[in-house]
1. Select, from Ile101, Ile143, Ile46, the only residue that is in contact with a His (Cβ under 9 Å, 6 or more places away or on another chain), hydrophobic (A, V, I, L, M, F, W, C) and within 26 Å of Tyr15 (Cβ to Cβ).
2. Quick one: is Arg139 under 30 Å from Thr79 (Cβ atoms), modelled with pLDDT under 95, surrounded by 10 or more Cβ atoms within 10 Å (Cβ to Cβ) and charged (D, E, K, R)?
3. Determine, yes or no, whether Leu45 is part of a strand (DSSP E or B), among the aliphatic types (A, V, I, L, M) and surrounded by 14 or more Cβ atoms within 10 Å (Cβ to Cβ).
4. Pull up segment 50-100, narrow it to residues that are assigned to a strand (DSSP E or B) and not polar (S, T, N, Q), then point me to the one that is farthest from Ala114 (Cα to Cα).
5. Quick test for you: out of Asp56, Asp33, Asp39, pick the one residue that is touching a helix residue (DSSP H, G or I) at 6+ places or on another chain (Cβ under 8 Å) and closer than 30 Å to Tyr94 by Cα.
6. Could you please find all residues in segment 1-42 being free of Cβ contacts under 8 Å to residues at least 60 places away in the same chain, of a type in the set (A, V, I, L, M) and in a strand (DSSP E or B)?
7. May I ask you to list pairs of residues, at least six apart or on different chains, whose Cβ atoms are under 9 Å apart, with the first in segment 103-130 being at positive phi and the second being in a loop (DSSP other than H, G, I, E, B) and basic (Lys, Arg)?
Amino acid sequence: MSKKGGHSIEGYFDYVVPPLEGFWWQEGKTGIDYDRKTDLQWISLIRLPDFVTKEDFHWALHEAARKKKMDFSKVEFLTYQEGLCVQCMHIGPYDDEPATISAMERFAEQEGYAVDIGPSRYHYEIYLSDARKVAPEKRKTVIRHPVRRKWAIKKTFSERLFSCYS
């Protein structure tokens, strides 16, 4: 960390490193087919505190590569605007997630929303348990799915035009 070296980060304060997160998707598919896990693509993330700038990130990446003598060329600074979503705490093995996701989708549907997983909106997981240390039946994972209002999908042009003028 910069507080142990010569690099100073404006606004720095000690913080706990947040849990690992992940985006999941399947190429060329809207939504996810959970029966085809081998087709899943993923990105792992670790949330950074707001005081970390892109420049600070690149400094830290350079320092880590120099000290550890490792290639970090695939690591990137990513900003993601999540938007509206539905989320649920899944407790249990990752293989049991489809049942939780089905319940989330039913909830979204009942509330007038549709799941909106696509090229820029992902199945999103936050791993509150360390899979190396916690038994599968006790793992806690926050699952988020992007949603959009169903009426925005189903309204005809004349209905949208009427609502603009009413």
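The values are calculated or read from the model by the stated rules, or taken from the named source; none is laboratory data. Because the structure is predicted, anything quoted here is derived from the model rather than measured. Cβ placement follows ideal geometry from the backbone for every residue including glycine, while neighbour counts extend to all protein chains displayed.
1. Numbers: Ile101 fails: within 26 Å of Tyr15 (Cβ to Cβ); Ile46 fails: in contact with a His (Cβ under 9 Å, 6 or more places away or on another chain).
After ruling out the rest, the residue left standing is Ile143.
2. On the way: under 30 Å from Thr79 (Cβ atoms): yes; modelled with pLDDT under 95: no; surrounded by 10 or more Cβ atoms within 10 Å (Cβ to Cβ): yes; charged (D, E, K, R): yes.
Against the criterion (under 30 Å from Thr79 (Cβ atoms), modelled with pLDDT under 95, surrounded by 10 or more Cβ atoms within 10 Å (Cβ to Cβ) and charged (D, E, K, R)), Arg139 does not qualify.
3. So Leu45 passes the test.
4. Per the stated criteria, the residue is Ile91.
5. Details: Asp56 fails: closer than 30 Å to Tyr94 by Cα; Asp39 fails: touching a helix residue (DSSP H, G or I) at 6+ places or on another chain (Cβ under 8 Å).
Unique residue meeting the criteria: Asp33.
6. Of everything in segment 1-42, just one residue is free of Cβ contacts under 8 Å to residues at least 60 places away in the same chain, of a type in the set (A, V, I, L, M) and in a strand (DSSP E or B), namely Leu40.
7. Listed by first residue and then by second, the contacts come to Gly112/Lys150.
For (1) at pLDDT below 95; (2) surrounded by fewer than 15 Cβ atoms within 10 Å (Cβ to Cβ); (3) under 15 Å from Glu21 (Cβ atoms), each residue gets a yes or a no:
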| position | (1), (2), (3) |
| --- | --- |
| Glu82 | yes, yes, yes |
| Arg106 | no, yes, no |
| Glu111 | yes, yes, no |
| Tyr127 | no, no, yes |
| Arg132 | no, yes, no |
